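Taking it in order: structure first as C-alpha cells, then the write-up.
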Amino acid sequence: MNLLYSNDKKGQYPDSWYGATATPLADFPSLKGRIKADVCIIGAGYTGLSAALHLAEAGRDVVLLDAHKIGFGASGRNGGQLGSGQRKEQDALAALMGQDDADKLWELAEDAKTLVKSLIKRFDIDCYYRPGVANIGLNPKETRELHSYADYLNTRYGYDSIQKLDSAAAQELCPSPAYDGGILDMSAGHLHPLRYALGLGQAAADAGVRIYEKTHVHHIQQGPRPSVRTDQGEVDCEHVILACNGYLGGLNRKVASRVMPINNFIAATEPLGDDAKRVLNQDVAVADTKFVVNYFRLSHDGRLLFGGGENYSYRFPKDIAATVRKPMCEIFPHLKDVRIDYAWGGTLGITVKRMPYVRRLDQNILSASGYSGHGVGTATHAGKLMALAIQGQSDGFDTMARVPAIPFPGGGIARTPMLVTAMTWYALRDRLGI
C-alpha cells in the first residue's frame, strides 16, 4: 500500500478548510517522455518549492515533480505555525551536539523564520501571516520550565521576543481550564499553509521552474548523471533533491529507515462569533506541552482550527471529526456541541531525535525531511540550504547534516508497531499527568 494514494484521490486536495479558502493554480502537465535538466526535485511541498525557486533564481534549469499537486502533502495541511528555534530545544541540542553546533542551529532557525517572512513579502503571498505563537503548560511545573527556557534563550542569544505568561495572563489569552501558564513568542507566527505553498509554487513557475504534477517517481538511477524515472517519463540530470518527507515510500531505503510517516488531524469548527473570546483573545497560535501536541488558532473567518490526535497506520480514521473533537473538548469543554465543518488528515515525517534528517545520499543526491511538526520554517529553509549546497555553498547544509540521526528500531519493517508502542506509552503519560 502506498501512502501517496491511501487516503486521497490522485491530483486532488483534501476536503479541508485550507482547500476551501485557497485559489488553486492552473494545472501543470504530467511528465511524458525523456527530458534533461540541471536539477530534478522530487516533491512540491515547502522543501521542494523553496529549493526549486532558489536554484532557478541562481540560473539553474530545474524540473520539479510531484505525484499529486503543489502543496498536496503536509505543506498544504499543517497547523500553519512558524515557530522559533529548532524542533528540539537549544539546551538539549547543546547536550547532543556541543555548544558550537547548537549555536549555529539557532542561527539557522532564525534565518528560517526570516526567510519565510521575506518570501511572503517579496512575492506578495496572501497567506494571512500574523505574528505570535504561545506555548502553554498544563501545570505549574511545566510553566516554570517554559519560563526557564525563555530565560535561557535571552541569556544565551539575547532573544527578547518572548513574554512570560503567569497563570492569570495565560488564562486571559486562552481561557481553558486545562492550562496553567506559558510563554508568548511574538517573533514566531502563523499563516494559511496551502496559500503559502501555492504562492511559492507561482513564484517558482515565474522563475522558470518546469513543474510536472500527477507525476509519480518510482526509481532513481544513481550515477554521474542520475536518472529519475516516472510512470510515463524520465529526467536525465546533474543533481537530484529528495523532498518527499512522509510520502517518500521506498524511494530511498536509508532515508526511509530514519524518517517515519505518521498521520495527524485537524478540524475547523463553524464560525464561533462572540464565543471565539472563550477560546483566544489575541490573534496568535497556541501549542501545548502534551507529548501528542494540541495546536490551534482562530481563522480569519472566526473558526477554531484545532489540531490533535495521531495514528500510525496507512489509513486515516473513518471519522476524523470525532478523532479531533475528543482532544478539542478536553481543552475547551464548552465546545462539545459545536459544529465541525471540515476535518482532514495529513502525513508528516518524524525522526527518532525529532530533528530533520538532512543528508547527502550520494555526491549529487541530496535529501531533507523528517521535520517532526516544525516544517513551515525548517522545510522552507532546508530547500534553500540544498540549493546553496548544489552551488558549492554548503556551510548551513553541513551543519544540519551533522545532527545525529539513528534508524528507527526495526528499520523500515518493524518500525511502525514499535513506534505505536512507544507513542501509546507517552499518550498514557499525558492522560495521567505524569
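The values are calculated or read from the model by the stated rules, or taken from the named source; none is laboratory data. The structure displayed is predicted, hence computed values, not measured ones. Don't worry about glycine lacking a Cβ; one is built from the backbone with ideal geometry, like all the others, and counts go over all protein chains shown.
Residue by residue, here is whether (1) of a type in the set (A, V, I, L, M, F, W, C); (2) buried (at least 20 other Cβ atoms within 10 Å of the Cβ); (3) in the same structural domain as R360 (by TED's automatic domain parsing); (4) within 15 Å of G76 (Cα to Cα) holds:
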{"position": "L184", "(1), (2), (3), (4)": "yes, yes, no, no"}
{"position": "G201", "(1), (2), (3), (4)": "no, yes, yes, yes"}
{"position": "R210", "(1), (2), (3), (4)": "no, yes, yes, no"}
{"position": "V228", "(1), (2), (3), (4)": "yes, yes, yes, no"}
{"position": "L248", "(1), (2), (3), (4)": "yes, yes, yes, no"}
{"position": "A267", "(1), (2), (3), (4)": "yes, yes, no, yes"}
{"position": "G273", "(1), (2), (3), (4)": "no, no, no, no"}
{"position": "V279", "(1), (2), (3), (4)": "yes, yes, no, no"}
Completion exercise
Among residues of the range 129-144 being over 25 Å from the mean Cα position of the chain (by Cα) and in a helix (DSSP H, G or I), the residue surrounded by the most Cβ atoms within 10 Å (Cβ to Cβ) is T143
Exercise for the section: Considering only residues that are assigned to a helix (DSSP H, G or I) and touching a residue at least 60 places away in the same chain (Cβ under 8 Å), look in the range 310-352 and name the one that is surrounded by the most Cβ atoms within 10 Å (Cβ to Cβ). Expected result: M328
Practice task
Evaluate the range 171-181: report whether one residue or more is closer than 29 Å to K353 by Cβ, touching a Pro at 6+ places or on another chain (Cβ under 6 Å) and buried (at least 16 other Cβ atoms within 10 Å of the Cβ).
Solution key: yes
Fill in the blank from the handout: Among (1) in a helix (DSSP H, G or I); (2) farther than 21 Å from Y179 by Cα, D275 falls short only on (2)
Exercise for the section: May I ask you to verify whether H239 is surrounded by fewer than 20 Cβ atoms within 10 Å (Cβ to Cβ) and more than 20 Å from the chain's Cα centre (by Cα)? Expected result: no
Practice task
Kindly establish whether R156 is part of a helix (DSSP H, G or I), surrounded by fewer than 24 Cβ atoms within 10 Å (Cβ to Cβ) and in contact (Cβ under 8 Å) with a residue 60 or more places away in the chain.
Solution key: yes
Exercise for the section: Inspect all residues belonging to the range 353-366 and state whether any of them is part of a helix (DSSP H, G or I) and closer than 23 Å to A188 by Cβ. Expected result: no
Practice task
Could you check, for the range 112-119, whether at least one of its residues is within 30 Å of G201 (Cα to Cα) and assigned to a strand (DSSP E or B)?
Solution key: no
Practice task
Say whether the condition of being over 17 Å from L361 (Cα atoms) and modelled with pLDDT under 95 is met by at least one residue in the range 275-287.
Solution key: yes
Exercise for the section: List every residue pair whose Cβ atoms lie under 7 Å apart, where the two residues are 6 or more positions apart in sequence or sit on different chains, the first residue falls within the range 167-195 and is aromatic (F, W, Y), and the second residue, located anywhere, is at pLDDT 95 or above and in a helix (DSSP H, G or I). Expected result: Y179/A170
Exercise for the section: Out of the residues in the range 47-90 that are more than 13 Å from the chain's Cα centre (by Cα) and charged (D, E, K, R), state the one that is nearest to D151 (Cα to Cα). Expected result: E89
Practice task
Test G223 against the stated conditions and say whether it is surrounded by fewer than 23 Cβ atoms within 10 Å (Cβ to Cβ) and modelled with pLDDT of 95 or more.
Solution key: yes
Completion exercise
In the set G392, G383, the lone residue that is closer than 25 Å to V235 by Cα and without any contact (Cβ under 8 Å) to a residue 60 or more places away in the chain is G392
Exercise for the section: Considering only residues that are part of a helix (DSSP H, G or I) and among the polar types (S, T, N, Q), look in the range 367-405 and name the one that is surrounded by the fewest Cβ atoms within 10 Å (Cβ to Cβ). Expected result: T399
Practice task
Grab the helices (runs of 4 or more DSSP H) fully contained in the range 14-110, keeping just those with 3 or more residues being surrounded by 24 or more Cβ atoms within 10 Å (Cβ to Cβ) and in the same structural domain as L251 (by TED's automatic domain parsing).
Solution key: 46-57
